[in-house]
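The values are calculated or read from the model by the stated rules, or taken from the named source; none is laboratory data. Here the structure is a predicted model, which means the values were calculated and not measured. As a convention, Cβ positions derive from the backbone with ideal geometry for all residues, glycine included, and neighbour counts pool all protein chains shown. Note: areas computed on protein heavy atoms with side chains; ligands, DNA, RNA excluded. Shrake-Rupley method; radii C 1.70, N 1.55, O 1.52, S 1.80 Å.
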Amino acid sequence: MKLKGEKEESSDHDDGSKGKMTLTLALVALISAFGSSFQYGYNVSVINSPAPYMQDFYNQTYFDRNGVPMDSGFQTLLWSLTVSMYPLGGLFGSLMVWPLVNNCGRKGTLLINNLFSIVAAILMGTSELAKTFEVIILSRVIMGIYAGLASNVVPMFLGELSPKNLRGAIGVVPQLFITVGILTAQILGLNSILGNAEGWPVLLGLTGIPSLLQLLILPFFPESPRYLLIQKGNEEQARQALQRLRGCDDVYEEIEEMRREDESEKEEGQFSVLSLCTFRGLRWQLISIIVMMMGQQLSGVNAVFYYADRIFQSAGVDNKNVQYVTVSIGAINVVMTLLAVFIVESLGRRILLLAGFGLCCVSCAVLTLALNLQNTVSWMSYLSIVCVIVYIIGHAIGASPIPFVMITEMFLQSSRPAAFMVGGSVHWLCNFTVGLVFLYMEAGLGPYSFLIFCAICLATIIYIFIIVPETKNKTFMEINRIMAKRNKVEIQEDKDELKDFNTFHGGQARKEETSSSDL
């Protein structure tokens, strides 16, 4: 056990000695994000452009089988299933996170996960030859399970690999690849490329290629050192993995920090979702990620994308050119998320969250106004274009990437998988809900539906402002201490530190002792 003074010295030394971006770290971030997160984005937008041709295929197949055309109600049902089965699969995938990452490791889970994607890609690619549309709907579920796992495991894996001063930047990389995936699907889905009657099966099947690459390359990279040391208890392997990731032999401080985390968690063991939800010491962390995930999905990002085409058409963009405008929005999304990678470490998480949700809130409010007035005031349709762009910028710098970074940072090793399972499930459940409800909302409220999104953004901003701490450049234990004060509990650490804690907090500590004995 180290004394407090020594420990602080070592953490100062810490900052100087580590934190470079090594080639191994960069490659493992790229291959994990390209092999997994990229496909989440790709499959979000891949069926938008070829939709009419796929619906013709559904019709034709039905007609060939039954000799009568499909009635329009049934076709609408089939198509909405094709779209909404993806986030539903995502919810199932999120529920598999906890058992998989604890038993197979973070890297192992990513490798196993690729099998889902490859199977789904083969099924979707051959669906036209096999003359079956049911297979497409089934593949969307499988692809959803894949994306549900990927969207949670990649940020967890990369967050555990990164040194503390690069954790935010590397944590935004998966979101960057999600936006690159969306853009790639939009470009390949242009009518002149694959978004046509012949090309759509290829467009759907391409998703297997990144998985295949990841399956071949990722095994040569190290597993998460935290997983190896804290969960597997294998210090030697953890040390070797860290040495490869940091590009130097001296990883003593980081191993020590993991040991301290391990010690302080010995009593609690691995958290299941139920114990996480009932554990007092993690109450605010849990509420925070649920609020941030709900804010991220219910702030209407899918609705804005969905509305974008119509907004541009009403601004006088020609029907043939709307798809190019959609691609340019996808490109803005990528550029802004790339910007977030570079500014998240200097500005911090809190500022980006507040600024991101703030931009979304303002642009939703102005968009409501612009959409209502665009028939009477000629330049309002251009204002609505500006609003869409500002909204996309806001979401890309804060609301999309940061919540996943925060789950990694606010929880320690034992509770992190359960936290990702909760956060991921909320993410996909809200995504699914918006997909289902938005069409009805839009039919009933029209442009006023954006006021609901505006209110949700505002509520999220207020919560983040009051509760969520800055986690930039802090170790997991330091963040845990900040949150422990908020939860009014003590952390079981070195006895010296507890003494210090008591002298600092005199009367308050006594209150806390009584409350921690209630546990």
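For the chain, with every protein chain kept in place, what is the accessible area per residue (1.4 Å probe, Å²)? Numbers along the way, then the final one.
On the way: 20770 Å² over 519 residues.
Per residue, the chain has an accessible area of 40 Å².
When the Karplus curve 6.51 cos²θ - 1.76 cosθ + 1.60 is applied with θ = phi - 60°, which whole-Hz ³J(HN,Hα) does each residue of segment 204-215 get, with x for Gly and Pro?
Result, rounded to whole Hz: 6, x, 4, 4, x, 5, x, 5, 4, 4, 5, 5.
Count neighbours as other Cβ atoms within 10 Å of each site's Cβ, and list the chymotrypsin sites (Phe, Trp or Tyr not before Pro) in segment 344-441 that are DSSP loop with at most 14 such neighbours.
Hits after loop and neighbour filter: W379.
I'm spelling it out carefully: the read-out is Cα extents along the principal axes in Å, the candidates are (1) 80, 65, 51; (2) 95, 68, 56; (3) 78, 52, 40, and one was derived from this structure. Which label?
Step by step, Cα extents along the principal axes in Å for this structure corresponds to label (3).
Using the structure shown, list the pairs from K232/K488; K20/K474; K107/K474; K164/K488 with a Cα-Cα distance above 21 Å, or answer none. Kindly include the intermediate steps, with their values, before the conclusion.
On the way: K232/K488 31 Å; K20/K474 16 Å; K107/K474 25 Å; K164/K488 26 Å.
Pairs exceeding the cut-off: K232/K488; K107/K474; K164/K488.
Just need the relative contact order of the chain here, percent rounded to a whole number, with Cα pairs under 8 Å and 6+ apart.
On the way: 772 pairs, mean separation 113.4, N = 519.
Across the chain, relative contact order equals 22 percent.
Out of the GluC sites (Glu not before Pro) in segment 247-347, which ones are loop residues according to DSSP with at most 10 other C-beta atoms within 10 Å?
On the way: sites: E253, E254, E256, E257, E261, E263, E265, E267, E268, E345; in loops: E267, E268.
Answer in residue order: E267.
In whole angstrom, how far apart do the alpha carbon centroids of segment 77-95 and segment 419-493 sit?
Taking the Cα centre of each part, segment 77-95 and segment 419-493 sit 22 Å apart.
Just order 202-209, 213-220, 467-474 by mean Cβ neighbour count inside 10 Å, highest at the front, would you? Write out the running numbers ahead of the final one.
Values: 202-209: 20.6, 213-220: 15.5, 467-474: 18.6.
The packing order, highest mean first, is 202-209, 467-474, 213-220.
Report, in deg cm²/dmol and to the nearest 500, the calculated mean residue ellipticity at 222 nm for the chain, where each DSSP H run with n ≥ 4 adds -39500 (n - 2.57) and the sum is divided by the residue count. If you can, show how the numbers build up before the last one.
Working: 23 runs with 388 residues, N = 519.
Estimated from H runs of four or more residues: -25000 deg cm²/dmol.
About the Cα centre of the chain, how large is the charge dipole given +1 on each Lys and Arg Cβ and -1 on each Asp and Glu Cβ? Please answer in debye to the nearest 20. Don't skip to the end; give the middle numbers.
Numbers: 37 positive and 44 negative charges, 123 e Å.
Charge dipole of the chain: 580 debye, to the nearest 20.
Can you find, among Q243, L216, V390, the residue sitting farthest towards the positive end of the charge dipole of the chain, where Lys and Arg contribute +1 and Asp and Glu -1 at Cβ?
V390
Using a 1.4 Å probe on the protein chains only, how many percent of the accessible area of segment 21-221 belongs to carbon and sulfur? Could the numbers behind the result be given before it?
Values: 5160 of 6960 Å².
The nonpolar share, carbon plus sulfur, comes to 74 percent.
Of all the accessible heavy-atom surface of segment 273-490, with the other protein chains kept in place and a 1.4 Å probe, what percent is carbon and sulfur? Can you show the working numbers first?
On the way: 5880 of 8160 Å².
The C+S portion of the solvent-accessible surface of segment 273-490 is 72 percent.
Hey, what do the phi angles of segment 46-63 turn into as Karplus ³J(HN,Hα) couplings, whole Hz, using 6.51/-1.76/1.60 and θ = phi - 60°, x for Gly and Pro?
Per residue, the Karplus-derived 3J(HN,Hα) values read 5, 8, 5, 6, x, 3, x, 6, 5, 5, 4, 5, 4, 4, 4, 4, 4, 5 Hz.
Pick out, from Y448, G300, L286, the residue whose Cα sits farthest towards the positive end of the charge dipole of segment 273-490, with +1 on the Cβ of Lys and Arg and -1 on the Cβ of Asp and Glu.
Value: L286.
Provide the net charge surrounding I467, with neighbours chosen by a C-beta distance below 15 Å and charges set as Lys +1, Arg +1, Asp -1, Glu -1. Don't jump to the answer; show the numbers that get you there.
Numbers: positive: R283, R349, R350, K485, R486, K488; negative: E409, E470.
Cβ neighbours under 15 Å give a net charge of +4.
Based on the Cβ-Cβ distance of F465 and Q60, what FRET efficiency does E = 1/(1 + (r/R0)^6) give at R0 = 60 Å, to the nearest 0.05? Don't jump to the answer; show the numbers that get you there.
On the way: r = 54 Å, r/R0 = 0.90.
E between F465 and Q60, to the nearest 0.05, is 0.65.
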